[in-house]
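Written out below as structure tokens is the structure these notes cover.
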Amino acid sequence: MILNDRIQQRHLRNLIFKFFEGLFRFMIIIGISYIILQPVFSMLSTAFMDPVDIYDITVRWVPKHFTLTNFKPVMTVMEYGTTFTASLGLSLIVAAVQVASCSFIGYGLARFRFKGKNLIFALVLLTLVIPPQTIMIPLFLHYRFFDVLGIISLITGKEGGVNLLDSFWPFIMQAATGMGIKNGLYIFIFRQFFAGIPRSFEEAAYVDGASAILTFRKVILPNAVPAMIIVFLFSFVWQWNDEFYSGIFLQGARLLPMALQTMASTIETMAGIEVKMDPYYISLLNNTGALLVVGPPLLLYIFLQRYFVESIARAGIVG
Amino acid sequence: MRNKMTLSERRGLAGWIFVFPWLLGFTFLLIVPFIQSMMISMSRIHITRGGYTLEKVGFGNYVDMFTSDPEYVPSLIEAMVNMTANVPVILIFSIFAAALLNRKFPGRTLTRAVFFLPVILASGVVLRIQSQDKMQEMMQMALSASELNSQQLTSYNLQALLRSYEINEFLVEYIIDAVSRIKEIISASGVQILVFLAALESIPASYYEAASMEGATGWESFWKITFPMLVPIFLANAVYTIIDSFTAFNNPIMELVKTTAFGRSSYGLGSAMAWGYFASIAAVLFLLFLLWGRKIEYYDY
């Protein structure tokens, strides 16, 4: 009897402990999630809010008059059609090129033995810690007067090479050679991932006479989908949100971040000098614009998050 | 005749083929610009029709930026202080969040998806717009009971509480500052949480089983197993946090270099500023490795 009592007591204590542990975790998760999601909710709520609702004291989060009227001026001023296409095109191209180049380079570092391999790997990581500010001016000049050993000047007969600024070429070149935004990180992710694939996979291919590149394409890449998805997502999102490189290489062309930056003030200027616009209305416009900018990567994330969330350890971010 | 190379030599050559694109990029898009940047920082640049010419001025730009530029020194100090202040808070927060997400509980997948969301939302423009947004302010006010600035009120309470425990004044200020910037800190910790979580998941469960067989409590196994195994990851995350601050939307050096170089066309001065920044970062990283790198033991797991 006494023994039974004790077991019951312990069981009860465990239950109580579990309950409070769960409650504690729940509260913390709710709190942090609120801080993360609050901007998204407020964007969603204000973007569809009629200007009338701003002055309605009973409206805070859920608008009384759902409307799409905010989108019209915002999309016109941001030239959403063109800027969206430009941003999407650039991000997709860059992400695809970076997945290809970084997996290629990462495979070389993961599987082959040659002199200087460890040095190269160390240098890959070193590229990450050099602030891009340091090389931004020479890079700007490099693409402004682009030339390969004077060959282009020789062909065109003009001095100073070609001007590659305001085109996608600088981005593609940076991406193809593993020098784009945080590419050292992607190479690292791929290297760690490939190192975890059993060697027997490739040995079978080699025995059948496949070359290294064919093996990489046919055997390794199909097994590296989780890593590719993670790198693609990172690469797409960071290119989408990037202002740094696009601010240097695309000074004339407009991408979404720059369009959003100047949108509110443009609308204000268009309204005329004597009209002082309500800051709340400007905020309405800004939130609508912000939703238009973060919307596409957000959708992409919602589709891809299960790969992202469930296969972190398998993707070998940590060796 | 053709195949005089041994198999391993041929394999090695294939390795070079794979890293060749990177070598190209590293040489022409990093090392060369890096050296050029150093040269530009010591010159005055003249843009001509067919390119540009450099006029040597020695350390003139460096002297200028420290003595006559009104913004550089404050900006540099601000950037470095922000960075150093953020690293410990972000590390502590992200290890905490990772430990939370590593436990099994209902709704874990959804919670993880939410916690990594800041990586997606980290758009500089959007963050900038939100930080000065009127509607958001209003919504936050609506949530507080009093229409007074509620955030400061709670901070006061926390401050009083911490003081009553006689905690070091500097630490109190630091904690208060961290709490008031909680949003910024959470939105900067996405990748770090991911990395910690991946590391936590890769610790074999058998270690914990062995420990609990020997009678270790959860607290003990955290400090004796989890923590030691995560030390190298701490360093990696600290470095990542520093890297992440280079292109952060509120990095004052970034704006300054851009306006100096491209706005005022003083490429030389801009380069010198970037080099000053790079030198400070390098010093911080060097210190970090000196203090920390030696103590790390790497485990095979």
Keeping all protein chains in position, work out how much accessible area residue A:71 exposes to a 1.4 Å probe, and write it in Å² to the nearest 10. 30
Between the stretch B:186-244 and the stretch A:57-117, the Cα center-to-center distance that results, in Å: 31
Given the options B:191, B:77, B:14, identify the residue whose Cα lies farthest towards the positive end of the charge dipole of chain B (+1 on Cβ of Lys, Arg; -1 on Cβ of Asp, Glu). B:14
Mean other chain Cβ within 10 Å across B:6-14 is 3
What are the DSSP H helices in chain B that stretch 20 Å or more along their long axis, judged by alpha-carbon atoms, and whose average Kyte-Doolittle hydropathy comes to at least -0.5? B:7-26, B:72-102, B:150-164, B:227-246, B:267-292
Hey, got a sec? Which GluC sites (Glu not before Pro) in the stretch B:208-288 land in a DSSP loop and have at most 11 other Cβ atoms within 10 Å? B:214
For residue B:218, the net charge from surrounding residues (Cβ-Cβ under 12 Å; K, R +1; D, E -1) works out to 0
Cut-off 10 angstrom, C-alpha nodes, Gaussian network model of chain A. Which of A:290, A:204, A:86 fluctuates the most? A:204
Taking A:174-185, B:182-193 and ranking on average Cβ neighbours within 10 Å, highest first, one gets A:174-185, B:182-193
Rounded, prolate or oblate, given the Cα gyration tensor of the protein assembly as shown, with a/c below 1.5 counting as rounded? oblate
Express the relative contact order of chain B as a whole percentage, based on alpha carbon pairs under 8 Å and six or more residues apart in sequence. 30
With the contact rule set at Cα under 8 Å and sequence spacing of 6 or more, what percent relative contact order holds for chain A? 28
For A:90-101, what's the mean count of beta carbons from other chains sitting within 10 Å of each residue's beta carbon? 0
At 1.4 Å probe radius, can you tell me the per residue accessible area of the protein assembly as shown in Å²? 51
Log entry, pair A-B: total buried accessible area, probe 1.4 Å, protein chains only, in Å² rounded to 100, is 8800
If you roll a 1.4 Å probe over the protein assembly as shown with all protein chains in place, what percent of the accessible area is carbon or sulfur? 67
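The values are calculated or read from the model by the stated rules, or taken from the named source; none is laboratory data. For clarity, every value in this text was computed on a predicted model and none was experimentally measured. Because the Cβ atoms are built from the backbone with ideal geometry, glycine has one as well, and the counts that use them run over all protein chains shown. Heavy atoms of the whole protein, side chains included, go into the accessibility calculation; ligands, DNA and RNA do not. Shrake-Rupley method; radii C 1.70, N 1.55, O 1.52, S 1.80 Å.
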